[in-house]
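Everything on this sheet refers to the single structure shown next.
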Amino acid sequence: MVNKLNIACCLASFLCFFFAADLQAQKRKTLKADPEILKITDSALSRSAGQYLQLMETVPDTLFPRTFQNNRLLTATSPSWISGFYPGTLLLLYEFNNSNKFKEEALKKLKVLKKEQFNTGTHDLGFMMYCSFGTAKRLFKTKAYDPVLLNSAASLSQRFHDEVGLIRSWDHKPEKWKYPVIIDNMMNLELLTWASRLSGNQRFYNIAKQHADLTIKNHFRPDYSSYHVIDYDPKTGKVLNKLTEQGYSDESAWARGQAWALYGYTMMYRETGDAKYLEMAMHIADYILKHPNLPADKIPYWDFNAPDQSAAPRDASAAAVMSSALIELSGFSKGDKGKVYLKTAEAMLRQLSSPEYLAQPGTNGGFILKHSVGFLPAGSEVDVPLSYADYYYVEAMLRYRTLKK
Ligand code: GLY
């Protein structure tokens, strides 16, 4: 009897989760696209496709493009957090123009990437596997990728520990932190909510929610800016320290970190229908949009609190992630807020598609965007093209095309 009751309760909460998500999807408003921005982004998408045809010629078979510096392509191997973005971008470009060249190159890279489904040494499996295999699944509507995605979700889940209630981010630098969780990790949760829907395994869903909830509790300042790293006591889950690794200082707002937070909570609202995630996403958006250091062209400096803003590099990757998130958020937000979010996304896309950021055909090593920042405090990848900037820029432009004409 008790067992039957338990099963019924589980089933009810499980169904609630799916229905809530469905209802939310229906509540999404479709705002109108600005014909001028559509023209700009369609032309930029064609330019992007041309760039990737060039990039494809230079990428070694088993490697993944990372950046182009000093006239050289720099690559990464499949365990890198960036490995999914190149096949992901190729697939998005295939979605745009149906060119089999993109599909074939993407499928080649998926073969190399596939083994990472069993990688339990990284929290980046969402970036790596969902942007790539998840996009392939969405486009080709095949079950062929389901085992890869489900194994990836299972591997990622192994990094969740009940005592802390969060997925552990990094294993390196044990002298610096004990159980680090970085804001970027919000982006990996979509793999789990998707896997839960497909498999019926509610543990994936519960992990994603617990992670997102504790991140709300511990990762944000009262103004809704986010810390980069929170270090937890692995035995008790107590917060030990609030730090940065890639930002200007522990108390600063690293631009891409704010972008991951914005995108992460918008996505979690879409995936769960839980209003607190929408509220959070709107607070984060408002922090970004109202920030006195956000330049008029809406492309953030690499850190909102970087000293000497006029000399600080901009980060196109942060703008690309923010624009994609703001387009989605605009459809969820009531009243004029949605319009403001969309207008800001449009301003970002307009500027990213200008000669300042969008590479001239045949330049930039085949990457699409110029002027991103990877890891400034380490002196690494400053003011360069980056594969993830390209991915989120193309995603944002495709999202823009789904708005009402
Ligand atoms: N997830 C690493 C970064 O944003 O640089």
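The values are calculated or read from the model by the stated rules, or taken from the named source; none is laboratory data. Here the structure is a predicted model, which is why all the values come from computation and not from measurement. With ideal geometry, Cβ positions are generated from the backbone for all residues, glycine too; neighbour counts draw on all protein chains shown.
On the given criteria, is W302 within 19 Å of K370 (Cα to Cα), of a type in the set (F, W, Y) and touching a residue at least 40 places away in the same chain (Cβ under 8 Å)? Answer is yes for this residue. So in the range 250-266, with the set limited to residues that are farther than 21 Å from E381 by Cβ and not in a helix (DSSP H, G or I), which one is farthest from the ligand (Cβ to nearest atom)? Among those residues, the one meeting the criterion is E251. Residue count for the range 100-132, restricted to those that are within 16 Å of the ligand (Cβ to nearest atom) and in a helix (DSSP H, G or I): 9. Of all the numbered requirements in (1) at pLDDT 95 or above; (2) within 25 Å of E251 (Cβ to Cβ), S353 misses one, and that requirement is (2).
Just checking, does the range 101-115 include any residue being under 21 Å from Q54 (Cβ atoms), in contact (Cβ under 8 Å) with a residue 12 or more places away in the chain and among the aromatic types (F, W, Y)? There is at least one residue in the range 101-115 that is under 21 Å from Q54 (Cβ atoms), in contact (Cβ under 8 Å) with a residue 12 or more places away in the chain and among the aromatic types (F, W, Y). Checked against (1) within 20 Å of N201 (Cβ to Cβ); (2) among the hydrophobic types (A, V, I, L, M, F, W, C); (3) assigned to a helix (DSSP H, G or I), A144 meets all criteria but (3).
Every test in (1) within 16 Å of the ligand (Cβ to nearest atom); (2) in a helix (DSSP H, G or I) is passed by Y269 save one, and that test is (1).
Selection of the range 318-335 for residues being of a type outside the set (G, A, S) and on the phi > 0 side of the Ramachandran plot yields an empty set.
If the requirement is being modelled with pLDDT of 95 or more, within 21 Å of the chain's Cα centre (by Cα), surrounded by fewer than 22 Cβ atoms within 10 Å (Cβ to Cβ) and not in a helix (DSSP H, G or I), which of these qualifies: S169, S155, S78?
S78
When the residues of the range 174-193 are filtered to those that are more than 15 Å from the ligand (Cβ to nearest atom) and charged (D, E, K, R), the one that is surrounded by the fewest Cβ atoms within 10 Å (Cβ to Cβ) is E175. A count restricted to the range 154-179 and to residues that are within 15 Å of V239 (Cα to Cα), out of contact with any His (no Cβ under 9 Å at 6 or more places or on another chain) and not acidic (D, E) stands at 5.
Has the range 307-318 got any residue that is surrounded by 16 or more Cβ atoms within 10 Å (Cβ to Cβ), more than 19 Å from A259 (Cβ to Cβ) and either within 16 Å of the ligand (Cβ to nearest atom) or at pLDDT 95 or above (or both)? Among the residues of the range 307-318, not one is surrounded by 16 or more Cβ atoms within 10 Å (Cβ to Cβ), more than 19 Å from A259 (Cβ to Cβ) and either within 16 Å of the ligand (Cβ to nearest atom) or at pLDDT 95 or above (or both), which makes the answer no. Within the range 371-398, being surrounded by 18 or more Cβ atoms within 10 Å (Cβ to Cβ) and in a helix (DSSP H, G or I) holds for L376, S387, Y388, A389, D390, Y391, Y392, Y393, V394, E395, A396, M397.
Can you say whether Y400 is within 16 Å of the ligand (Cβ to nearest atom) and over 28 Å from E251 (Cβ atoms), as far as the supplied structure shows? No: the conditions fail for Y400. Number of residues in the range 285-306 that are buried (at least 21 other Cβ atoms within 10 Å of the Cβ) and over 15 Å from G338 (Cβ atoms) equals 10.
The condition of being assigned to a helix (DSSP H, G or I), more than 16 Å from the ligand (Cβ to nearest atom) and in contact with a strand residue (DSSP E or B) (Cβ under 9 Å, 6 or more places away or on another chain) does not hold for L349.
In the set K343, K334, K370, K339, which member is modelled with pLDDT under 95 and either within 16 Å of the ligand (Cβ to nearest atom) or basic (K, R) (or both)?
After ruling out the rest, the residue left standing is K334.
Selection of the range 329-344 for residues being surrounded by 18 or more Cβ atoms within 10 Å (Cβ to Cβ) and either polar (S, T, N, Q) or not in a helix (DSSP H, G or I) (or both) yields S330, S333, T344.
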